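Please read the structure below before turning to the comments.
Values in this text are rule-based calculations from the coordinates and carry no lab data. Because the structure is predicted, anything quoted here is derived from the model rather than measured. All Cβ positions, glycine included, derive from the backbone under ideal geometry; neighbour counts span all protein chains shown.
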Amino acid sequence: MKDLGGVCYIRGLFIRNQMNTTLHPLGKITKTHGYDGTVVFVSNRTLNDDVEHLEEVFVLIDGLPVPFPVEKLVLMTDSSALLQLEFIGDQKEASELAGCELFSEVDCCEQEQQAGFEQWTGYTVNDSRHGTIGVIQNMEDYKGNVVMQVMNSDRETLISLYPELVTRIDHHAKILYITAPDGYF
């Protein structure tokens, strides 16, 4: 157990604030999206449908969970979403939240499956226009910019991962479906 200034953090599973409310981890704010204060958050577990109905989230700032009303939340993939918070109105304010952990009073993550970018290693990447690109060998996080290392025969392709890129994930067949911008390949 780790003390974060009045907040208990137990093995990454939950925290309790001073009002004794259990908070469940949602993920981490990775970067801004656009200029209106929207941020991207990524979870290392599969997000369930409850996440789109959240009215409030808690951002861990200086070790304390700070509540923010949710203006808009759009699930992009099964482990990432766009989030617009009330009181965060521009890109500058939103950029200050990059790297902060995100929590909610409702557990919005699937319990059984350990989802996240790391689980995609070994998945085949299939582009809507170019077909099979290759197999994901590695995932790297460069300060909030996740990059997939995809191998096809002896050719390596680095693909920057962002929410609009992924159109579907088939966990059973281990295929990551993407639509890359024109000129990407």
| query | Could you state the principal axis extents of the C-alpha atoms in region 117-178, from the largest down, to the nearest angstrom? | reply | 29, 26, 22
| query | Order of 185, 87, 103 from fewest to most other C-beta atoms within 10 Å? | reply | 87, 185, 103
| request: Rank the residues 30, 22 as a footprinting-exposure proxy: fewest other Cβ atoms within 10 Å of their Cβ go first. | output: 22, 30
| said: Only counting other Cβ atoms within 10 Å, I'd like 177, 142 sorted with the fewest neighbours first. | reply: 142, 177
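Just to be sure I understand: of the beta bridges DSSP finds with both ends in region 117-178, what percent are antiparallel, rounded to 5? Before the final figure, lay out each step's value.
Values: 22 of 26 bridges.
Taking every DSSP beta bridge with both residues in region 117-178, the antiparallel ones total about 85 percent.
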| said: Rounded to whole Å, give me the distance from the Cα center of region 131-176 to that of region 37-96. | reply: 24
